[in-house]
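First the structure, in the form of structure tokens, and then the observations on it.
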Amino acid sequence: MSDLHTRETLLMRIRSKQDDLSWEEFTAAYERYIYLVIRGMNVGHHDAEDLVQSVMLAIWQKIPEFEYHPSRSKFRTWLCRITRNKVVDYIRSATSESRKIDGVHVDEVSLPEIEEIAEKEWKAHITDSAWEIIQSEFNESTLKCFQLMQNGGIAKDIAVELDISESSVYVFFKRVKDRFIKEVRRLDVEWS
């Protein structure tokens, strides 16, 4: 996952619909994000899982016509529109079938709200993905040091707990932090 191509290159590859590996790469990058956006719209877990599949199918069908223009809008804006439309269609269908979906009403789901949910979930998705990617680059002690410091731990106490010098605590924290920030930025550019 850490050697993902830029989003633009990935989009060009999946537009042909003949590259299964690229579609798997795309799915790995965006499926969880789409799920989180749907859940942010107060859709239950099982319905959200079904909707993710519906959204992914819609993307697969519509991607050949999608034209990427980064100066006009982000790719994830297009993803959010498809996601919102699928959720609204699903809610309308469920409402007409007299099924209630976690108290969500079609009129309550506005595009600005979806964009706000999407932005919040995007940040969480990018940071989670970045953390997952960089973990293999550091040993367990270094990662634990970073997490303890991140959670407000005191360097002196962390040094004792991990049996390292206090200066090492600061060095380890900075190394992981710098690498984490770099990965978050990379993913945000490549996946947005």
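Residue pairs whose Cβ atoms lie under 7 Å apart, sitting 6 or more positions apart in sequence or on different chains, and linking a residue in segment 40-58 that is at negative phi to a partner that is surrounded by 22 or more Cβ atoms within 10 Å (Cβ to Cβ) and of a type in the set (S, T, N, Q), are Val55/Thr83. The sole residue among Gly103, Gly153 that is over 24 Å from the mean Cα position of the chain (by Cα), outside any helix (DSSP H, G or I) and modelled with pLDDT of 90 or more is Gly153.
The values are calculated or read from the model by the stated rules, or taken from the named source; none is laboratory data. Keep in mind the model is a prediction, meaning the values are calculated, not measured. In this analysis, Cβ positions are derived from the backbone assuming ideal geometry, glycine residues included, and neighbour counts consider all displayed protein chains.
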